[in-house]
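The values are calculated or read from the model by the stated rules, or taken from the named source; none is laboratory data. Here the structure is a predicted model, which is why all the values come from computation and not from measurement. Note that we place each Cβ from the backbone using ideal geometry, even for glycine, and neighbour counts take in every protein chain shown. These accessible areas exclude ligands, DNA and RNA; they are computed on the full protein's heavy atoms, side chains included. Shrake-Rupley method; radii C 1.70, N 1.55, O 1.52, S 1.80 Å.
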Amino acid sequence: MVGTNLPNPEMDTVSLLVTACGKRVGDQKPPIYVAHSLHSDLTSTIVSNTVSMIRRLSDIFSPYSLQRMSARASRPILASDDALKDRAGGDATSGGTARAVAGRAPCSAAAVRGRRRRERTEASIVGRAGGFYLCKLQIAKRKRCTRARQKNRGKLEGRRERRTQMRSCIHFHCELHINAMKRLLSTQLRPLAAALFLLATAALSSTAAASSTSAATASSPFQYDPTSQYPTPSLLRDGLGPFLSTRWAHAQSIALLEQAVEDHNAEHVATSSNTIDAISYRRCIVLPLDERFDPPVGVFSHGHVDTGDKMSLPRNFWDAIAQSKAEVPWLFEVARVDGVTSPRVPLPADEHHHPSAAKLGKAVGGALDFRCPANYAFLPRWMFAALGLRPRDVVDVRLVTNTPPGSAVRLRPHTTAFVNIGNHQAVLETELKHYSALTLGSTIPFDYRGERYYFDVVDLRSAPRGERAATAKVQDCDIAAEFVRARDQLKPKKKRKRTEEED
């Protein structure tokens, strides 16, 4: 038996207990002492572990270190199994708080997994505590913002109430004044208003009868009497009856003219053979261009409304260009109509008109824009003078594509002041770019350094043979421009010839 070889079986049992508790085998003490020492070691171990756990929990749940602990918890655990094993082995072999145990084996894989599990548990506890504290901070901030919004909302509601009260007060006073004016008109001014109404009705009826009689006796519905608006009626000077009758007659004459033009254009559209012919011609009422048509800065025609041949035309001409695929430059012919256009305006005896302009019946120009109202066209003032037109005259406007390119042009300046300019040839070439085409016998203006100069188109040649042409393109073609003797230099010669003939 095993027990017979030993002198004392109890001592063998005690030796085994002492060996398990880390005591030396050679020290044989009484069993009571061994049990007491074992109990004290276990108690001290339990107490030390409890104290360390309490300290750790107090550090974890301290309000001053929640932010730091939450940041630590957010970091991933990167320790590998080998590192944990090495650390465990180091703790077992190193001095310090750990006691050196003879014959103790390194930590197993189960111990390493248990240590990693404990670390993850601590990290989750710290993260939850930090998140709870941050959530409390956010809730407090939201409460403060809610209180501020409620306070501002109260201020805005107060302002709205005050504004509503003010508006209601204003409306109340306005209604009082309106009611007072109504009572005044109903009691005192009703007879006067009735008399004025009867007077206006009589004046309008007489004006309508006179205008219908004049329209019946007129030779053409396209004839517009410009004297109907001159002198301009005045309510204070002429009185209510003449004022209303004059304005009525003026509006009725314009309406009849527009209706006649509209009927002619509708008939042309109905009888046209194709769509392009229907939209490439219109009979229009002409008005002069002014500075309101000046394009914005940066556009090529800016500042050259009166010193160019550009016109403002209706939208249908743009559709005609798009459908016919006309090439640049887009040219339009403005022509007088016999029996439709009013008699030619006599040109004043000044130096701004060519003598042959009294017989000019048509002119060619380009397009400034296509935003003009239907049945209307706006022309430059020099074209009005060349064709002898007055405002609201009726002309025919047509898209032309057979204008020949120009090869040479001869211009006669009205004064020698332009010829005396040092670089007058360069100025001429620059200003001539604002004209898409030229018409023989017309007078065109140029602006240079705040001065306006006039030139007569004396001769015009077309390419390629150099034949004399009534109209020719000057845009996108090579044309030679030259000057002839100025008009102010021809006057003395004419006077000398006259004096010689009289002698």
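Things worth noting here:
- Flag set for Ala417, criterion: more than 40 Å from the chain's Cα centre (by Cα), surrounded by fewer than 19 Cβ atoms within 10 Å (Cβ to Cβ), of a type in the set (A, V, I, L, M) and at pLDDT below 90.
- Those residues of the stretch 427-476 which are farther than 11 Å from Val409 by Cβ, open to solvent by 20 Å² or more (accessible area, probe 1.4 Å) and assigned to a loop (DSSP other than H, G, I, E, B), in sequence order: Arg449, Gly450, Ala463, Pro464, Arg465, Gly466, Glu467, Ala470, Gln475, Asp476
- With respect to the conditions (1) touching a strand residue (DSSP E or B) at 6+ places or on another chain (Cβ under 7 Å); (2) at pLDDT below 90; (3) not in a loop (DSSP other than H, G, I, E, B), Ser356 falls short on a single one, namely (1).
- Subset of the stretch 287-315 [assigned to a loop (DSSP other than H, G, I, E, B), of a type outside the set (A, V, I, L, M, F, W, C) and touching a Ser or Thr at 6+ places or on another chain (Cβ under 9 Å)]: Asp294, Pro295, Gly308, Asp309
- Residue in the stretch 272-286 that is modelled with pLDDT of 90 or more, in a helix (DSSP H, G or I) and open to solvent by 70 Å² or more (accessible area, probe 1.4 Å) present: yes
- Filtering the stretch 317-329 to residues that are out of contact with any Phe, Trp or Tyr (no Cβ under 8 Å at 6 or more places or on another chain) and either part of a loop (DSSP other than H, G, I, E, B) or open to solvent by less than 20 Å² (accessible area, probe 1.4 Å) (or both) leaves Ala320, Lys325, Ala326, Glu327, Val328, Pro329.
- The condition of being of a type in the set (Val, Ile, Thr), over 26 Å from Arg487 (Cβ atoms) and surrounded by fewer than 19 Cβ atoms within 10 Å (Cβ to Cβ) holds for only one of Val395, Val299, that being Val299.
- Selection over the stretch 233-267 of residues that are in a helix (DSSP H, G or I) and surrounded by 14 or more Cβ atoms within 10 Å (Cβ to Cβ) gives a count of 21.
- Which listed residue, of His268, His264, is under 30 Å from Thr401 (Cβ atoms), modelled with pLDDT of 90 or more and in contact with a Phe, Trp or Tyr (Cβ under 7 Å, 6 or more places away or on another chain): His268
- For Ser407, the criteria (1) among the polar types (S, T, N, Q); (2) part of a helix (DSSP H, G or I); (3) in contact with a strand residue (DSSP E or B) (Cβ under 7 Å, 6 or more places away or on another chain) hold in every case but one, which is (2).
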